[in-house]
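> Provided herewith is a single structure, encoded as structure tokens, for subsequent inquiry.
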Amino acid sequence: MRHWSRHALSARSHAIFGSSSSSLLSHLRFLTERPDVRNIAVIAHVDHGKTTLVDSMLQQSGTVENAKGRVMDSKDQERERGITILAKNTAILLGTAAKDGSGQRRINIVDTPGHLDFSGEVERALQMVEGIILLVDAKEGVRPGTRYVLRKALSLNLKPIICLNKIDKDDTALEKTEAAIQDLFLETASDDSQLDLFFMYGSGRTGYMNETPIKEGNLTPLFDNIFNRVPAPKQEKDDAPLQMLVAQVDVDEKTGNKIAIGRVFKGSLSVNDVITVALEGQAVDAMVTEIKLYCGMQKMDTKTASFGDICAITLQEPLGMKVPLKIGCTLCAKGNVNLWPYKRPDEPTYSLVLQESQASWKKKEAAESHGTMTVLTKRLEREAMVNTALQLEGLGTGKITMKGRGPLHLSVIIEDMRREGYEFEIQAPSVLKKMIDGVECEPFEKLQIEFKESLVGDMVTFLSSKMAELGEITQLSDGRVSLECVMPVRLMSNVPLKIHTMTTGDGILHHSLEGYRPLAAGTLERESGALISVDSGEATDYSMSGHGSSGRFFVEPGATVYYGQIVGENSKTKLQNLGINICKRNEQLGGMRANANDKAAAKRGPFTSSTAKFEDCIAWVADDELVTVTPQSIRMRKPNFNGKTSMRTMAKK
């Protein structure tokens with residue numbers, strides 16, 4: 001149960017790979033290695049416990065005294081959303097170092113996101129390590145995110161340690177999960193040397209991981225197996241010239257100097273060295289002013305970094321010159337350009353267009369200096385420098401196209417800008433098509449949905465209306481089922497929200513890119529019109545209750561609304577945009593003598609309202625509508641609204 005050798009899988013793998021093939025690196029002879037260092041990435045599907053395991057590794061190693069509550073998730077949105085967004089570096093030190101520094105082992109760890117919208121972070125992080133900890137929830141088993149990150153890791157020939165997590169909660173599905181992982185490796189491995197599977201069992205939260213499913217202990221067996229099974233950093237010769245891959249970029253807030261964060265693959269560098277920063281035909285010399293190694297939640301100063309180190313290098317640019325420091329560039333010995341073969345992330349599939357706000361409430365909720373196109377462009381250019389999966393088009397024009405890996409990827413950037421005080425507008429999203437063998441193709445996603453068995457009929461009907469290719473329905477425990485399907489990304493804009501509504505928040509949706517296929521026949525048509533405010537003021541409970549039968553509202557009573565703002569969804573007359581006044585007050589009950597009972601009795605009917613988030617707005621708007629973002633609010637509006645009822649534009653996306 002603890003170890004699946006590739007010999008045990010040989011009968012099944014022979015049909016896939018033929019005869020046994022050797023490792024891609026077996027022909028190389030290395031003269032130098034660092035036995036005291038290991039570089040690993042922790043990868044998994046979302047919510048399978050990566051960051052919690054890293055907490056326990058930091059604490060049990062003695063590197064961080066009280067590492068609890070997902071200390072690596074330092075970004076505000078990470079804590080609020082409960083997910084990891086950025087791949088982050090840390091390191092643990094094992095053993096007591098002697099005065100000369102010997103006797104201490106270092107494990108450099110990259111904590112990666114599990115959500116597929118942030119897979120660009122995973123792809124850049126994996127290029128800095130030799131091994132991975134593949135974490136799989138023992139009960140949930142293999143998920144779409146598991147498959148995606150493992151495929152990327154094996155394509156880089158990284159050595160896996162498979163950890164079945166959360167066995168303290170439920171260990172009844174261990175054998176089933178092991179078999180699913182075995183099938184996953186058979187599906188994703190590029191040669192049979194990658195079928196030498198090694199399993200460990202434990203609980204990242206409780207802090208133990210063993211070679212057998214024993215529910216006690218600590219993480220010492222995991223630390224030992226990282227050193228026993230993950231290859232040590234190696235280089236071909238002792239005097240190899242510097243070659244460091246830059247996998248992340250930062251800026252020193254005090255000096256403005258650029259910081260290159262990445263992995264030294266060959267040679268070494270020291271403070272005050274002059275090195276060459278090289279990228280795609282560009283090469284500029286710069287001086288190394290600081291070198292820092294990771295240790296827990298801190299970065300420690302050092303004079304020298306050698307091959308195998310993951311470090312942060314502060315660079316001083318030559319007077320009057322700009323260093324072409326970007327993710328994927330290489331730091332080389334001065335005058336000795338040798339680019340590292342960096343693999344670019346997968347192409348984006350989703351886009352938003354950002355423009356300067358023209359709403360009537362412009363400048364009322366933001367500083368004037370934070371709403372110009374010049375300022376917005378500079379902010380997005382800084383984001384593209386550090387966000388490896390983001391691509392920008394239309395720079396220097398009035399509209400900038402942001403291309404990314406999905407709605408969540410781009411909405412996190414939008415939310416960061418909102419919190420920083422920027423004001424702008426976003427057009428309705430679109431998917432990115434491409435020509436393959438002369439045929440126009442679009443991206444398709446594979447969905448895995450869990451919900452109550454009683455909703456099977458409604459779910460199948462809804463997914464069929466979205467041109468979904470339905471797969472098998474699997475019976476789960478507690479009266480729940482799992483359904484798999486494939487559908488065009490173009491038709492998915494309101495799918496998460498609709499499934500959330502259909503299942504009353506009880507459904508679970510996972511999705512991953514399936515690939516590109518010829519255009520599907522379906523078109524994206526919103527099922528409702530818009531309720532648009534014909535007045536500016538404060539939304540009142542009295543007025544909203546009078547329009548409650550028309551649909552649902554995107555604002556709450558008391559919210560400030562403006563003329564032309566989309567305040568709700570018209571589900572009563574689906575093809576009409578309806579102008580309404582939700583600022584009207586009941587003047588008969590406006591005096592001081594009106595009591596609470598009188599005001600309650602003045603309600604003319606029930607209504608549904610909730611404040612729409614950015615993800616909800618961008619999934620709902622049509623091509624002729626806009627989402628406006630300010631530091632204080634997120635609204636939708638209808639440009640050129642004339643105050644009259646109109647037919648909804650049936651635009652295609």
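> Taking SER190 as the residue in question, decide whether it is buried (at least 21 other Cβ atoms within 10 Å of the Cβ) and of a type outside the set (A, V, I, L, M).
Values: buried (at least 21 other Cβ atoms within 10 Å of the Cβ): no; of a type outside the set (A, V, I, L, M): yes.
Here the answer is no, as SER190 does not meet what is asked.
> Taking region 487-519 as the search range and keeping residues that are of a type in the set (A, V, I, L, M, F, W, C) and surrounded by fewer than 18 Cβ atoms within 10 Å (Cβ to Cβ), which one is nearest to the chain's Cα centre (by Cα)? If you could, list the steps in order and put the result at the bottom.
Residues of region 487-519 of a type in the set (A, V, I, L, M, F, W, C): 487, 489, 491-492, 495, 497, 499, 502, 508-509, 513, 519.
Pick out the ones that are also surrounded by fewer than 18 Cβ atoms within 10 Å (Cβ to Cβ) and you get 497, 502, 508-509, 519.
Working: LEU497: 19, MET502: 25, ILE508: 17, LEU509: 15, LEU519: 26 Å.
Looking at the filtered set, the residue picked out is LEU509.
> Pick out, from region 188-291, the strands (runs of 3 or more DSSP E) lying fully within it that include 3 or more residues that are modelled with pLDDT under 95. Steps first, please.
Numbers: elements: 197-203, 208-210, 243-251, 258-266, 268-270, 274-279.
Qualifying strands (runs of 3 or more DSSP E): 197-203, 243-251, 258-266, 274-279.
> Taking only pairs six or more apart or across chains, which ones have beta-carbon atoms under 9 Å, a first residue in region 275-290 that is in contact (Cβ under 8 Å) with a residue 12 or more places away in the chain, and a second residue that is surrounded by fewer than 19 Cβ atoms within 10 Å (Cβ to Cβ) and hydroxyl-bearing (Ser, Thr, Tyr)?
What qualifies is VAL288/SER270; THR289/THR255.
> Only one of LEU354, LEU331, LEU390 is at pLDDT 95 or above, within 23 Å of the chain's Cα centre (by Cα) and surrounded by 15 or more Cβ atoms within 10 Å (Cβ to Cβ). Can you tell me which?
LEU354
> Go through (1) buried (at least 17 other Cβ atoms within 10 Å of the Cβ); (2) within 30 Å of the chain's Cα centre (by Cα); (3) outside any loop (DSSP other than H, G, I, E, B) one by one and return the number of the condition ASP183 breaks.
It is condition (1) that ASP183 fails.
> Can you pull out the residues in region 152-176 that are assigned to a loop (DSSP other than H, G, I, E, B) and within 16 Å of SER477 (Cβ to Cβ)?
Step one: of region 152-176, the residues assigned to a loop (DSSP other than H, G, I, E, B) are 156-158, 166-173.
Across region 152-176, the qualifying residues are LYS166, LYS169, ASP170, ASP171, THR172, ALA173.
> Regarding LEU325, is this residue farther than 25 Å from LEU513 by Cβ, modelled with pLDDT under 90 and either in contact with a Lys or Arg (Cβ under 7 Å, 6 or more places away or on another chain) or aliphatic (A, V, I, L, M) (or both)?
On the way: farther than 25 Å from LEU513 by Cβ: yes; modelled with pLDDT under 90: yes; either in contact with a Lys or Arg (Cβ under 7 Å, 6 or more places away or on another chain) or aliphatic (A, V, I, L, M) (or both): yes.
When the stated conditions are applied, LEU325 passes them.
> Under 22 Å from the mean Cα position of the chain (by Cα) and surrounded by 15 or more Cβ atoms within 10 Å (Cβ to Cβ): does that describe GLY371?
Values: under 22 Å from the mean Cα position of the chain (by Cα): no; surrounded by 15 or more Cβ atoms within 10 Å (Cβ to Cβ): yes.
Taking the combined requirement at face value, the residue does not satisfy it.
> Taking LYS159 and the conditions (1) farther than 16 Å from PHE198 by Cβ; (2) in contact with a Pro (Cβ under 8 Å, 6 or more places away or on another chain); (3) basic (Lys, Arg), which numbered condition does it fall short on, given that it satisfies the others?
Status for LYS159: all satisfied but (1).
> If I filter region 447-465 down to residues being surrounded by fewer than 20 Cβ atoms within 10 Å (Cβ to Cβ) and touching a Leu at 6+ places or on another chain (Cβ under 8 Å), which single residue comes out as farthest from ILE618 (Cα to Cα)? I'd like the intermediate steps shown before the answer.
Just the residues of region 447-465 that are surrounded by fewer than 20 Cβ atoms within 10 Å (Cβ to Cβ), to begin with: 448, 450, 452-454, 456-458, 460-462, 464-465.
Cutting the leftovers down to touching a Leu at 6+ places or on another chain (Cβ under 8 Å) gives us 448, 450, 456, 460, 464.
Numbers: GLN448: 23, GLU450: 24, VAL456: 28, VAL460: 25, SER464: 23 Å.
This residue is VAL456.
> Looking only at region 334-351, count every residue that is in a strand (DSSP E or B) and surrounded by fewer than 18 Cβ atoms within 10 Å (Cβ to Cβ) and tell me the total. Outline the logic, then answer.
Let us first name the residues in region 334-351 that are in a strand (DSSP E or B), namely 350-351.
Checking the rest, the ones that are also surrounded by fewer than 18 Cβ atoms within 10 Å (Cβ to Cβ) come to 351.
Counting residues in region 334-351 that are in a strand (DSSP E or B) and surrounded by fewer than 18 Cβ atoms within 10 Å (Cβ to Cβ) gives 1.
> Just checking: which of the strands (runs of 3 or more DSSP E) contained wholly in region 361-470 hold 1 or more residues that are under 30 Å from GLY564 (Cβ atoms), touching a residue at least 24 places away in the same chain (Cβ under 8 Å) and in contact with a Pro (Cβ under 6 Å, 6 or more places away or on another chain)? It would help to see each step written out before you state the result.
On the way: elements: 391-393, 399-404, 424-427, 434-436, 439-452.
Passing ranges, in order: 399-404.
> For the subset of region 110-130 comprising residues that are in contact with a Gly (Cβ under 8 Å, 6 or more places away or on another chain), modelled with pLDDT under 85 and part of a loop (DSSP other than H, G, I, E, B), which member is surrounded by the fewest Cβ atoms within 10 Å (Cβ to Cβ)?
Looking at the filtered set, the residue picked out is HIS115.
> Let me ask another. Please state which one of LYS599, LYS574 is of a type outside the set (S, T, N, Q), under 24 Å from MET492 (Cβ atoms) and at pLDDT below 75. Show your work before the answer.
Values: LYS599 fails: under 24 Å from MET492 (Cβ atoms).
On inspection, the qualifying residue turns out to be LYS574.
> Related question: Identify, by number, the condition in (1) among the polar types (S, T, N, Q); (2) surrounded by 13 or more Cβ atoms within 10 Å (Cβ to Cβ); (3) modelled with pLDDT under 90 that ASN39 doesn't meet.
Status for ASN39: all satisfied but (3).
> Looking at region 136-189, which of the residues that are in contact (Cβ under 8 Å) with a residue 60 or more places away in the chain and out of contact with any helix residue (DSSP H, G or I) (no Cβ under 9 Å at 6 or more places or on another chain) is nearest to THR112 (Cα to Cα)?
Step by step, filter region 136-189, then rank; the result is ARG143.
> On to the next question. So which residues in region 279-305 are among the polar types (S, T, N, Q) and buried (at least 19 other Cβ atoms within 10 Å of the Cβ)? Before the answer, list the steps.
Going residue by residue through region 279-305, those that are among the polar types (S, T, N, Q) are 282, 289, 298, 302, 304.
Residues satisfying the conditions do not exist here.
> A further question follows. Anything in region 608-632 that is among the small types (Gly, Ala, Ser) and buried (at least 18 other Cβ atoms within 10 Å of the Cβ)? List them, or say none. Full working, then the answer.
Taking region 608-632 first, the residues among the small types (Gly, Ala, Ser) are 609-610, 612, 619, 622.
Across region 608-632, the qualifying residues are SER609, ALA612, ALA619, ALA622.
The values are calculated or read from the model by the stated rules, or taken from the named source; none is laboratory data. Everything numeric here is computed off the predicted structure, so don't read it as measured data. Positions of Cβ are backbone-derived with ideal geometry, glycine not excepted, and every protein chain shown enters the neighbour counts.
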